[in-house]
Amino acid sequence: MNITILALGKNKDEYISLAENEFLKRLSGFCSLAIETIPTPKQRKNQPIEKIKEIEGKTILAALPDQCYIIALDESGKEFTSKNFARHLNKILVSYNKPLYFIIGGPYGFSQEVKDRADELLSLSQLTFTHQMVRIILLEQIYRAFTILKGKKYHY
């Protein structure tokens, strides 16, 4: 099982890196998971938001392989309970014989082109989080999903 989290922009905080590394270590017993970051494209001041999303979208799409299942994290996406997310993740991993990519966009969200390319949209919450925190929350939920599926004591 190959899972990649493709995130726009670098992580700038040590505490995020420590948490990422902890969950990557925990997940190594369940799957092969990598975090790939792509640089945020340079933007001009006063550029319209739609133009920024378009530029970021082209960068994201260029970083994706042709054959992969894409889940874009988006506020308009489907929400799950942790148990339902575990079942859904398992269904994807069993049903599709291609790598799974979760993509985290920029602060303005995704261009329509990225949304159209995604196989599905996922919302982690109705709350808003920083893009760096989303990385940790997503990793934790993927880890939680695997522990649920494997019957490990983590989710109560």
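Kindly evaluate I142 against the criterion of being in contact with a His (Cβ under 7 Å, 6 or more places away or on another chain) and buried (at least 19 other Cβ atoms within 10 Å of the Cβ).
Numbers: in contact with a His (Cβ under 7 Å, 6 or more places away or on another chain): no; buried (at least 19 other Cβ atoms within 10 Å of the Cβ): yes.
Here the answer is no, as I142 does not meet what is asked.
Of all residue pairs spaced 6 or more apart or on separate chains, those with beta-carbon atoms under 8 Å, a first member in the range 135-156 that is without any contact (Cβ under 8 Å) to a residue 12 or more places away in the chain and a second member that is part of a helix (DSSP H, G or I) are K152/F146; K153/T147; Y154/Y143; Y154/R144; Y154/T147; Y154/I148. Screening L33, L89, L8 for residues that are closer than 19 Å to L124 by Cα and touching a Gly at 6+ places or on another chain (Cβ under 8 Å) leaves exactly one candidate, L8.
Screening the range 31-90 for residues that are out of contact with any Phe, Trp or Tyr (no Cβ under 6 Å at 6 or more places or on another chain) and among the aromatic types (F, W, Y) and picking the one that is surrounded by the fewest Cβ atoms within 10 Å (Cβ to Cβ) gives F80. The one condition from (1) surrounded by 19 or more Cβ atoms within 10 Å (Cβ to Cβ); (2) assigned to a loop (DSSP other than H, G, I, E, B); (3) of a type in the set (D, E, K, R) that K153 does not meet is (1).
Pairing each residue of the range 5-25 that is closer than 16 Å to A145 by Cα with any residue that is loosely packed, with under 14 Cβ neighbours inside 10 Å and modelled with pLDDT of 95 or more, provided the two are 6+ apart or on different chains, yields C-beta distances under 8 Å for I5/A34; I5/E36. Of all residues in the range 121-134 being touching a residue at least 12 places away in the same chain (Cβ under 8 Å) and either part of a loop (DSSP other than H, G, I, E, B) or of a type outside the set (A, V, I, L, M) (or both), which is nearest to K53 (Cα to Cα)? Among those that are touching a residue at least 12 places away in the same chain (Cβ under 8 Å) and either part of a loop (DSSP other than H, G, I, E, B) or of a type outside the set (A, V, I, L, M) (or both), it is H131. Could you go through the range 13-25 and let me know if any residue there is in a strand (DSSP E or B) and at pLDDT below 95. No, the range 13-25 has no match at all. Restricting the range 72-120 to residues that are part of a strand (DSSP E or B) and closer than 17 Å to F146 by Cα, the residue that is farthest from the chain's Cα centre (by Cα) is L100. For the range 26-63, filtered to residues that are assigned to a helix (DSSP H, G or I) and of a type in the set (D, E), the residue that is farthest from the chain's Cα centre (by Cα) is E50.
Restricting attention to the range 95-125, which residues are surrounded by 17 or more Cβ atoms within 10 Å (Cβ to Cβ) and small (G, A, S)? Once the filter is applied, which keeps residues that are surrounded by 17 or more Cβ atoms within 10 Å (Cβ to Cβ) and small (G, A, S), the range 95-125 yields G105, G106, G109, S111, A118.
The values are calculated or read from the model by the stated rules, or taken from the named source; none is laboratory data. Here the structure is a predicted model, which is why all the values come from computation and not from measurement. Cβ atoms come from the backbone with ideal geometry, glycine included; neighbour counts cover every protein chain shown.
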